[in-house]
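Structure record follows, encoded as structure tokens.
The values are calculated or read from the model by the stated rules, or taken from the named source; none is laboratory data. This structure is a prediction, so every number in the text was calculated from the model and none was measured. Because the Cβ atoms are built from the backbone with ideal geometry, glycine has one as well, and the counts that use them run over all protein chains shown. The protein model used for the area step is the full one, side chains on, heavy atoms only, and it has no ligands, DNA or RNA in it. Shrake-Rupley method; radii C 1.70, N 1.55, O 1.52, S 1.80 Å.
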Amino acid sequence: MRIVDLSQGYKVGMPLFPGTAPIAIKQIAQIDNGGFRITEFHAGVHVGTHCDAPAHCIKGAKTLDEIPLDTFVGDAVIVNAPVERKEPIGKEVLKNCEIKRGDIVLLKTGYSKYWGNPKYIDDSPYLSQKLAQALVKLGIKALGIDFISPDPVESTEAPVHKILMGNGIPIIENLNNLDKIDRPRVFFSAAPLLIDKSDGGFTRAYAVLER
């Protein structure tokens, strides 16, 4: 088998959604002084490759610790949706995709190549509401995207978040390397950290490909 790492690394200066506090990473103990090394990490839970729980946008909805782990793990369908600029991704990208109820859908736009470039945030694509509604109708259990948000970055209403999360579909944002997957269906995992009452959580996402 072959494992494809689908995560963006965490480091100081990494791309962040506008208004997000910068992350901080520092060593607070060193081997030469105390006999061991310890790294301290400070960040909001919606940075890097992470999972959004419905509670992120829906009052009273499930927090991350209330979502079954298998929601983030299982069969995933790769949906090709190449895009190069800020524009809505329509439901036509689902044409000819064999999506089963309970699948995870991964939107492969190729936009992760702009990670670290202002274009990644300033000119990011997003989902049309019709696409979000179509995914709900198909009965998917989670959605993964290789860009920063399923809604326009400047949106204050976040309609796509609410369509998906209002139907119990969590979102995995800022995926990477989807272009390295050469088949329509893979085993996928984006199991997030188990953070009590959290609206999101960091994850190390990956796909397993049978050779």
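List of remarks:
- Failed item, numbered, when THR71 is tested on (1) in contact with a Lys or Arg (Cβ under 6 Å, 6 or more places away or on another chain); (2) within 24 Å of ASP122 (Cα to Cα); (3) of a type in the set (S, T, N, Q): (2)
- Only one of the numbered conditions (1) open to solvent by less than 50 Å² (accessible area, probe 1.4 Å); (2) modelled with pLDDT under 95 is violated by GLU210, and that is (1).
- Candidates are the residues of the stretch 114-145 that are in contact (Cβ under 8 Å) with a residue 60 or more places away in the chain and assigned to a helix (DSSP H, G or I); the one that is most open to solvent (accessible area, probe 1.4 Å) is ILE121.
- Residues that are among the small types (Gly, Ala, Ser) and outside any loop (DSSP other than H, G, I, E, B), drawn from the stretch 93-113: SER112
- Selection of the stretch 58-83 for residues being open to solvent by 70 Å² or more (accessible area, probe 1.4 Å) and outside any loop (DSSP other than H, G, I, E, B) yields GLU66, LEU69, ASP70, ASP75, ASN80.
- From the list LYS86, LYS62, LYS91, the lone residue that is charged (D, E, K, R) and farther than 30 Å from PRO118 by Cα is LYS62.
- Restricting attention to the stretch 49-67, the residues being in contact (Cβ under 8 Å) with a residue 24 or more places away in the chain and either in contact with a Phe, Trp or Tyr (Cβ under 6 Å, 6 or more places away or on another chain) or over 23 Å from LEU175 (Cβ atoms) (or both) number 1.
- Selection from the stretch 146-179 of residues that are open to solvent by less than 10 Å² (accessible area, probe 1.4 Å), over 29 Å from LEU209 (Cα atoms) and in a loop (DSSP other than H, G, I, E, B): ASP151
- Residue match in the stretch 188-199 (condition: within 26 Å of GLU84 (Cβ to Cβ) and of a type outside the set (D, E, K, R)): yes
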